[in-house]
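Quick note: the coordinates plus some simple rules give every number you see, no bench work behind them. All of these numbers come straight from a predicted model, not from anything done at the bench. Neighbour counts are summed over all protein chains in view; Cβ atoms, including those assigned to glycine, are modelled from backbone coordinates with ideal geometry.
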C-alpha cells in the first residue's frame, strides 16, 4: 500500500541557478583545499610545485608521476567526504549554506547518510554523461536532478530565521 503525502504548496524548490551558484562556491572551497593539500604534500616530500620543474627531474619522473597520482587519489577521497559528509550531517555544503538552499526529504527531514551516498553516486553518474543529467533540474516541476530522484531528495530554499540575527539591545 502506497501512502500519499500531501505536498505543501509553500515549498520553494531551488532552481538550477541557485544550485549552480552553490556548486561554484563549493568548487572554490575544494580548490582551496586542494591548493593547501598540494603545498603541504610538496613541502613534506620535497617535490616541485610546477610541471616545468617536474620535467627537470629527468630520471626521477616515475616517482613524480606516482606522487601526483597519490595526491589526486587523496583529493578524490576528500572530494567524496566533503559532499557526502556535509549532506549527511546537515543537508548543506558551505555553498548551499551561502545560497540558502538545503537538501531534504519530502517531509522536510534530514536525508541521512544512506541517501547522501546514493545522491553522490547520482552525481558521479551525471558526470559520466557529461553533466547533461543535471539539466533535468531546469525542466522538472520539483527541480529535481537525476541524482535527487535516485536518492529521493529535494533541494529547497530556506529562509533566514529571526534567531540567526539577534537584535542588539540598547544599553
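Residues of the stretch 86-120 with backbone nitrogen within less than 11 Å of a virtual label 7 Å along the Cα-to-Cβ line of residue 12, please, listed as ranges.
100-101
Efficiency by 1/(1 + (r/R0)^6): what FRET value for residue 34 and residue 81, r their Cβ-Cβ distance, R0 = 22 Å, to the nearest 0.05?
Calculated transfer efficiency: 0.95.
Return the ratio Rg/(2.2 N^0.38 Å) for the stretch 87-165, where Rg is computed over Cα atoms only.
Dividing the Cα radius of gyration by 2.2 N^0.38 Å gives 1.11.
If you line up the Cα atoms of the stretch 16-159 on their principal axes, what length do they span on each, largest first, in Å?
59, 28, 26
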